[in-house]
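So the structure is just underneath, and the comments pick up after that.
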Amino acid sequence: MRKGWICLHRCIMRHWIWQDANRLKWWIDLLLRASHEDKKILVDGKLQECKRGEFITSLGKLAENWGVNRDTVRRFLDTLESDTMIIRKSTH
């Protein structure tokens, strides 16, 4: 179970993401998934370092959690990245 909290500033109500309930929910989901401390996690049998503010997932897992297809997730993440709200690192 995840513990802790995140700080959300009221100015988010003036941000473009506030205008769409689904995108706002997805954004908050990403914020809540981000690690609050550096840690090591096991991914497919390999030890990976996960820094503060990062998390490891896949388009497929996000699509499943959000009830949408992978293309919708990809477009959303592209939008966030173009607005410098996230930085993606892709691995295989």
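Given a 1.4 angstrom probe, I'd like the percentage of the accessible area of the chain that is carbon and sulfur, rounded to a whole number.
Numbers: 3910 of 7690 Å².
The C+S portion of the solvent-accessible surface of the chain is 51 percent.
Per residue, the range 33-92 exposes 78 Å² of solvent-accessible protein surface, assessed with a 1.4 angstrom probe and all protein chains in place.
Before anything else, pin down the relative contact order of the chain: Cα pairs under 8 Å, at least 6 apart, normalised by residue count, whole percent.
Relative contact order here is 15 percent.
For the peptides 77-89, 26-38, 42-54, what is the packing order when you average, over each peptide's residues, the other Cβ atoms within 10 Å and list the highest mean first? Don't skip to the end; give the middle numbers.
On the way: 77-89: 11.8, 26-38: 14.1, 42-54: 10.2.
Highest mean packing first, the order is 26-38, 77-89, 42-54.
Helix 70-82 and the long axis of the chain differ in direction by around 80°, with both axes built from C-alpha atoms. Specify the residue with the greatest mean-square fluctuation among Ile17, Ile41, Ile56, computed from a Gaussian network of the chain linking alpha-carbon atoms under 10 Å apart. Evaluated over the chain, the most mobile residue of the options is Ile41. The angle between the Cα long axis of helix 21-33 and the main principal axis of the chain comes to about 30°, on a 0 to 90 degree scale.
The values are calculated or read from the model by the stated rules, or taken from the named source; none is laboratory data. Fair warning: this is a prediction, and the values are worked out from it, not measured in the lab. In this analysis, Cβ positions are derived from the backbone assuming ideal geometry, glycine residues included, and neighbour counts consider all displayed protein chains. Only protein heavy atoms, including side chains, enter the accessible area calculation; ligands, DNA and RNA are left aside. Shrake-Rupley method; radii C 1.70, N 1.55, O 1.52, S 1.80 Å.
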